Amino acid sequence: MKTYYFDNSATSSPKPEAVYSSVGIAVREYSANPGRAGHRKALEVARKIYEVREKIANFFGVRNSLNVAFTANATESLNFAIKGAIPEGAHVVTTNFEHNSVLRPLYYMRDEKDIKLTFINTYLDLEKAITPETKAVVMNHISNVNGTIQKIKEVGDICKKNGILFILDASQSAGYIDINMERDNIDILCLTGHKSLFGIQGIGVIALREGIKIEPILEGGTGSFSKLQRQPKEMPEMLEAGTLNTPGIISLGAGVDFIQEIGIENIKKHEDGLVLKFLEGLEQLEKVKVYKSFTENQAPVISINMDGVDSGDLSSILDEEFGILVRPGYHCAPLAHEAIGTYETGTVRFSFGFFNTEDEVDYLLQTLKNIALQI
Ligand SMILES: Cc1ncc(COP(=O)(O)O)c(C=O)c1O
């Protein structure tokens with residue numbers, strides 16, 4: 001059966017051809033361990049990784065590429081940031097739209113390090129939530145439940161004005177919206193490589209603004225400073241304990257090249273067109289409740305529920321009978337469901353990517369219409 005993939009918030013699929021071939025080349029030709037030996041093959045890999053580090057730094061406006069570290073995913077980056085940079089006892093402002101990869105480290109910090117948490121819905125409520133004890137803001141750029149886009153430049157400016165650390169989870173936005181650490185006043189940028197950046201799974205990034213203090217929570221071999229008892233304080237080694245994921249890093253480089261060839265604004269325009277078409281179509285459907293962004297800007301991630309149908313059942317019908325692949329349930333973001341009123345039911349989530357087409361959205365809308373008529 002032909003399939004229609006609307007689960008790009010979970011991971012982008014398909015990837016650009018150049019990403020597929022980059023992984024083959026990486027496994028075959030860049031197979032030595034970078035930084036673990038001085039021989040020519042190891043040095044070639046180290047150079048390749050350096051190239052991608054520079055590419056990532058340029059893409060996200062990181063002034064010094066040495067402040068970019070490769071991690072396994074956003075979850076690891078966020079654990080590094082939240083547990084390594086937020087001081088004990090601090091007051092922290094965050095949002096109800098956070099993923100568990102933010103919430104769980106924050107709850108750990110609340111329970112073990114006595115931090116106090118204030119939850120807001122959007123950046124518009126940020127200033128009111130700040131107290132003299134506020135030391136950090138941890139915020140999701142785009143909600144993976146309803147596509148709420150937070151204005152990060154406004155958040156960054158408020159944080160800068162108040163001397164507050166700004167940790168951004170850009171997992172859903174990197175590769176879709178232009179992000180610049182310097183311009184947007186982001187102190188720690190955390191992201192995953194396998195969504196809109198088109199990398200393979202198992203690669204993430206943490207980038208620090210110059211001068212940001214962070215304690216490494218993972219320690220181990222770095223291929224350098226071998227006689228040091230403790231983890232080196234130099235970036236990127238400080239946050240890169242253990243052998244790096246060379247194929248993942250190289251795939252991320254190929255993904256960023258692809259985005260730059262197409263132009264990030266063209267990618268956004270295409271995806272925004274799809275989500276607008278979907279929303280307009282949904283408005284014609286009775287029995288469908290739509291959960292949209294809480295701000296004026298909508299990302300290409302929409303949740304719905306259909307009267308009388310469980311979100312899991314609707315997803316199964318879409319998959320089994322129509323080849324439409326979506327995600328039901330809670331999307332690892334429990335507080336978002338309290339905010340939108342779906343804590344008991346979850347939602348069916350549709351997330352569009354660059355390779356989706358208008359024809360696919362027509363098919364999706366027609367299918368939802370037919371299902372709604374039958375129940
Ligand atoms: C907003 C958000 N943050 C963090 C993550 C975690 O990404 P990863 O599982 O790649 O660590 C996700 C993944 O779905 C996400 O949507």
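The values are calculated or read from the model by the stated rules, or taken from the named source; none is laboratory data. Remember, it's a predicted structure, so these values are computed and weren't measured experimentally. In this analysis, Cβ positions are derived from the backbone assuming ideal geometry, glycine residues included, and neighbour counts consider all displayed protein chains.
Structure summary
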item	result
Evaluation of Gly341 against (1) closer than 21 Å to Tyr176 by Cβ; (2) surrounded by fewer than 14 Cβ atoms within 10 Å (Cβ to Cβ); (3) modelled with pLDDT under 95 (one fails), failing number	(1)
One residue from Leu314, Leu364, Leu373, Leu318 being more than 30 Å from Ile120 (Cα to Cα), in contact (Cβ under 8 Å) with a residue 60 or more places away in the chain and not in a strand (DSSP E or B)	Leu364
Among (1) out of contact with any helix residue (DSSP H, G or I) (no Cβ under 9 Å at 6 or more places or on another chain); (2) in a loop (DSSP other than H, G, I, E, B); (3) among the charged types (D, E, K, R) - the single one Glu344 does not satisfy	(1)
Selection count where residues are over 21 Å from the mean Cα position of the chain (by Cα) and either more than 16 Å from Val52 (Cβ to Cβ) or part of a loop (DSSP other than H, G, I, E, B) (or both), scope the stretch 4-19	2
Residues of the stretch 150-175 that turn out to be away from the ligand (no atom under 12 Å from the Cβ) and closer than 15 Å to Ala299 by Cβ, as a count	3
Hits in the stretch 27-83 - residues which are in a helix (DSSP H, G or I), within 16 Å of the ligand (Cβ to nearest atom) and surrounded by fewer than 23 Cβ atoms within 10 Å (Cβ to Cβ)	Thr75, Glu76, Asn79, Lys83
Tabulated pairs, the stretch 102-123, first assigned to a helix (DSSP H, G or I), second at pLDDT below 95 and not hydrophobic (A, V, I, L, M, F, W, C), C-beta under 8 angstrom, 6+ apart or interchain	Leu103/Pro334
Test: residue in the stretch 257-280 that is within 16 Å of the ligand (Cβ to nearest atom) and surrounded by 24 or more Cβ atoms within 10 Å (Cβ to Cβ)	no
Thr192 vs. criteria touching a helix residue (DSSP H, G or I) at 6+ places or on another chain (Cβ under 7 Å), under 29 Å from Phe258 (Cα atoms) and of a type in the set (S, T, N, Q)	yes
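Quick grid of which residues meet (1) touching a residue at least 40 places away in the same chain (Cβ under 8 Å); (2) of a type in the set (Gly, Ala, Ser):
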{"site": "Gly199", "(1), (2)": "yes, yes"}
{"site": "Gly204", "(1), (2)": "yes, yes"}
{"site": "Lys213", "(1), (2)": "yes, no"}
{"site": "Ser224", "(1), (2)": "yes, yes"}
{"site": "Lys227", "(1), (2)": "no, no"}
{"site": "Met235", "(1), (2)": "yes, no"}
{"site": "Leu239", "(1), (2)": "yes, no"}
